[in-house]
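The values are calculated or read from the model by the stated rules, or taken from the named source; none is laboratory data. Everything quoted here is computed from the prediction, not taken from an experiment. In this analysis, Cβ positions are derived from the backbone assuming ideal geometry, glycine residues included, and neighbour counts consider all displayed protein chains. Remember, those area values only see protein heavy atoms, side chains included, never the ligands or the DNA or RNA. Shrake-Rupley method; radii C 1.70, N 1.55, O 1.52, S 1.80 Å.
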Amino acid sequence: MSRKILVLADLRNGGVRNVTFEALSAAKNISEGGEVSVAVLSNNAAVNTGEFAHYGADKVYVVNNAALENYVPDAYAAALEAVIKEAGANVVFLAHSAIGRDLAPKLAARFGAGAVSDIINVELDGGNLVFTRPIYAGKAFTKNTVNSDLIFATIRPNNLTKSEPDTSRSAETVNLSVDLPADSLRTFIKEVVKKSTGGVDLSEAKIIVSGGRGVKSADGFKPLQELADVLGAAVGASRGACDAEYCDYALQIGQTGKVVTPDLYIAAGISGAIQHLAGMSNSKVIVAINKDPEAPIFKVADYGIVGDLFEIVPILTEELKKA
Ligand code: FAD
């Protein structure tokens, strides 16, 4: 059975986040010949719509409206609702980001549709879509089918395989006008205050160097930042480090922070509490640096270094500089 799949483009700082291309690649694999499309909601974002085609999009729906300058739930929900109707979508993919987590249930309720969140895989089984999602802080996985004509699914970044781009493909661009009068919007953004979290997007980083309370101070993050710079990595943190005001909460990884799945996760001075593991235990390779050989982080680590992070991290940085 062919199905029409719509992907909401995840735009950040003028670019398109990788999860959008991962979602498109998956959509192409499971559409069974149905149309794959993308919704670009913005206030005139300069997005290269051709790139969507390279990863499987047949159509790009563009809604440009001043009300979409920043994420406003009412405006985005109304715009995406209009695109879903126009595209006649059976499945809508969104990133499992703050925006996707807010929009998916809102729109599922509006359409009386089913929703599945935080998926790490989607496959076809006898014509049905089967979604895999982690439960119990990543200790187990459930396979889910959704019995509704329209399905919303949020996708955890860095898990679905991004296909090789097919640069011979092109997509039709459809400009959609959606009326979003100010008096229909119950919230509006007065000001956006951007916090600096380093150059690399934590949610999509392939390598993360994370620090815990063991870094002992804000300055203690400096050697981690230097290692991250050499590796082209993002810097993350445990809640212990955030609570101690060594770093900003934007860096927090875990149950109440960001969930990440990098290729390499280096945990320095992090004990490995269950709430921290909830955010990183599905990383492909985990390296733990801790002076306590009994620290629980070593139970999930692929490689463990028992020692003082202030001695080990600079050695790693120097050696990697030579590589
Ligand atoms: P600690 O547990 O204090 O560990 C510090 C580690 O550093 C120790 O293992 C120590 O041996 C090591 N160390 C010290 N000095 C050095 C050194 N020089 N070199 C090497 N190692 C050294 N936590 C999160 O991380 N993310 C969450 O999202 C989160 N959500 C939570 C939600 C709830 C509802 C609750 C109750 C807790 C949550 N927590 C979360 C907190 C969690 O339980 C832990 O308290 C926290 O993860 C501990 O942080 P830590 O490992 O940095 O600190």
Inset, instruction - List every residue pair whose Cβ atoms lie under 6 Å apart, where the two residues are 6 or more positions apart in sequence or sit on different chains, the first residue falls within segment 277-301 and is farther than 13 Å from residue 212 by Cα, and the second residue, located anywhere, is hydroxyl-bearing (Ser, Thr, Tyr) and surrounded by fewer than 17 Cβ atoms within 10 Å (Cβ to Cβ). - result: 287/303
Legend entry - Sole exception among (1) assigned to a helix (DSSP H, G or I); (2) farther than 17 Å from residue 228 by Cβ; (3) open to solvent by less than 20 Å² (accessible area, probe 1.4 Å); (4) of a type in the set (A, V, I, L, M, F, W, C) for residue 295, by number: (1)
Inset, instruction - Test residue 131 against the stated conditions and say whether it is open to solvent by less than 40 Å² (accessible area, probe 1.4 Å), assigned to a strand (DSSP E or B), within 30 Å of residue 192 (Cα to Cα) and of a type in the set (Phe, Trp, Tyr). - result: no
Legend entry - Unmet criterion (only one of (1) at pLDDT 95 or above; (2) more than 9 Å from the ligand (Cβ to nearest atom)) for residue 322: (1)
Inset, instruction - Check segment 169-184 and report whether any residue there is open to solvent by 60 Å² or more (accessible area, probe 1.4 Å), among the charged types (D, E, K, R), away from the ligand (no atom under 16 Å from the Cβ) and touching a residue at least 12 places away in the same chain (Cβ under 8 Å). - result: yes
Inset, instruction - Spot the failing condition for residue 127; the list is (1) closer than 24 Å to residue 187 by Cβ; (2) at pLDDT below 95; (3) over 21 Å from the mean Cα position of the chain (by Cα), and only one is missed. - result: (1)
Inset, instruction - Just need a number here: residues in segment 145-167 that are touching a residue at least 24 places away in the same chain (Cβ under 8 Å) and open to solvent by 40 Å² or more (accessible area, probe 1.4 Å). - result: 9
Inset, instruction - Kindly indicate whether residue 315 is buried (at least 22 other Cβ atoms within 10 Å of the Cβ) and not aromatic (Phe, Trp, Tyr). - result: no
Legend entry - Test: residue in segment 203-217 that is modelled with pLDDT under 95, within 16 Å of the ligand (Cβ to nearest atom) and surrounded by 16 or more Cβ atoms within 10 Å (Cβ to Cβ): yes
Legend entry - Residue check, residue 263 modelled with pLDDT of 95 or more, in contact with a Lys or Arg (Cβ under 6 Å, 6 or more places away or on another chain) and away from the ligand (no atom under 12 Å from the Cβ): yes
Legend entry - Residue that is assigned to a helix (DSSP H, G or I) and either touching a helix residue (DSSP H, G or I) at 6+ places or on another chain (Cβ under 8 Å) or among the acidic types (Asp, Glu) (or both), where the choices are 235, 260, 209, 230: 230
Legend entry - Evaluation of residue 220 against (1) surrounded by 21 or more Cβ atoms within 10 Å (Cβ to Cβ); (2) of a type outside the set (A, V, I, L, M, F, W, C); (3) more than 11 Å from the ligand (Cβ to nearest atom) (one fails), failing number: (3)
Legend entry - When residues of segment 238-250 are limited to those that are assigned to a helix (DSSP H, G or I) and at pLDDT below 95, the one most open to solvent (accessible area, probe 1.4 Å): 249
Legend entry - Failed item, numbered, when residue 82 is tested on (1) at positive phi; (2) open to solvent by 10 Å² or more (accessible area, probe 1.4 Å); (3) modelled with pLDDT of 95 or more: (1)
Inset, instruction - Could you grab me the full set of residues in segment 48-79 that are surrounded by 19 or more Cβ atoms within 10 Å (Cβ to Cβ), within 22 Å of the chain's Cα centre (by Cα) and either free of Cβ contacts under 8 Å to residues at least 40 places away in the same chain or in a strand (DSSP E or B) (or both)? - result: 60, 61, 62, 76
Inset, instruction - Please verify whether segment 277-291 includes one or more residues that are part of a strand (DSSP E or B), β-branched (Val, Ile, Thr), open to solvent by less than 10 Å² (accessible area, probe 1.4 Å) and more than 9 Å from the ligand (Cβ to nearest atom). - result: yes
Inset, instruction - Answer yes or no: is there a residue in segment 167-182 that is more than 19 Å from residue 39 (Cβ to Cβ) and acidic (Asp, Glu). - result: no
Inset, instruction - Identify, from the list 257, 269, the residue that is open to solvent by 10 Å² or more (accessible area, probe 1.4 Å), near the ligand (Cβ under 8 Å from one of its atoms) and touching a residue at least 24 places away in the same chain (Cβ under 8 Å). - result: 269
